[in-house]
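To keep things clear, I will list the structure first and then write my remarks on it.
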Amino acid sequence: VHMYVWDETIASRGSQEISSCILKHIKNLRGERHIIAYSDMCAGQNRNIKVALTWLKIVQSVEHNVEIIDHKFLISGHSFLPNDRDFGVVEMSLRKNNLLFVPQDYYNVIKKCRKGNNFILNEMKQEDFISTRFLEDAVFKRLKNSNGETVNWLKICWMRFLRNEPFKIFY
């Protein structure tokens, strides 16, 4: 399990930061042609134009061999992701440690909170964070899809990005 950490003097906790973690994680993968990502339905962090444009950028990038990306969103209240358990382990360990003063103290707890199969900690630096502002400015934000139907981000449960369809987001 990879954990991406930073303190709030480096960056915030929104979709831009989540996109940056996704990009950093994908850069560490080699040879993957089809990526399937699962996340909760949090529109503020996961299900939004910033994350969608990041996936689109990844699938179109020449530095990756990715041909298909599927981002699936689990239904709120009816699902459980394995990372929910991992975050629970971290929370329990943090409660037991009341001498946490600097970010590195937190990072050390996260690294050591599991017995045996420790989390892989990836400390994000300022230069790791990207902005999708230029991508957002470059795309025409459609309120309707190519079939004339209204696009409602809050109802999207699955997004697909294809290398051979460079300017489309399927959902």
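The values are calculated or read from the model by the stated rules, or taken from the named source; none is laboratory data. All of these numbers come straight from a predicted model, not from anything done at the bench. Cβ sites come from the backbone with ideal geometry, for glycine too, and all protein chains shown count toward neighbours. Surface areas here come from the heavy atoms of the whole protein model, side chains and all, with no ligands, DNA or RNA. Shrake-Rupley method; radii C 1.70, N 1.55, O 1.52, S 1.80 Å.
Protein-only accessible surface at a 1.4 angstrom probe places the residues His71, His25 in the order His25, His71, largest first.
Please build a GNM for the chain, connecting alpha carbons under 10 Å apart, and tell me which residue among Asn65, Asn46, Asn145 fluctuates the most. Sorting by GNM fluctuation, first place goes to Asn145. Remark: the chain carries 65 Å² of accessible area per residue (probe radius 1.4 Å; ligands, DNA and RNA excluded). The chymotrypsin sites (Phe, Trp or Tyr not before Pro) of region 1-106 that DSSP puts in a loop, and whose beta carbon has at most 15 other beta carbons within 10 Å, are Phe80, Phe101. Expressed as a whole percentage, what fraction of the accessible surface of region 49-171 belongs to carbon and sulfur atoms when a 1.4 Å probe is rolled over the protein heavy atoms? Carbon plus sulfur share of accessible area: 56 percent.
In the chain, helical runs assigned H by DSSP with n ≥ 4 each contribute -39500 (n - 2.57); averaged across all residues and rounded to the nearest 500, the mean residue ellipticity at 222 nm is -10000 deg cm²/dmol.
Looking at the chain alone, DSSP beta bridges between its own residues are antiparallel in about 40 percent of cases.
Ordered from highest to lowest accessible area with the whole protein assembly present and a 1.4 Å probe, Lys168, Lys96 read as Lys96, Lys168. Around the Cα centre of the chain, unit charges on the Cβ atoms of Lys, Arg, Asp and Glu (plus for the first two, minus for the last two) sum to a dipole of about 300 debye. When the Cα positions of Ser76, Phe87, His64 are compared along the charge dipole of region 59-98, Phe87 comes out farthest toward the positive end, with charges on each C-beta of Lys, Arg, Asp and Glu. Region 38-111 and region 134-159 have Cα centres spaced 23 Å apart.
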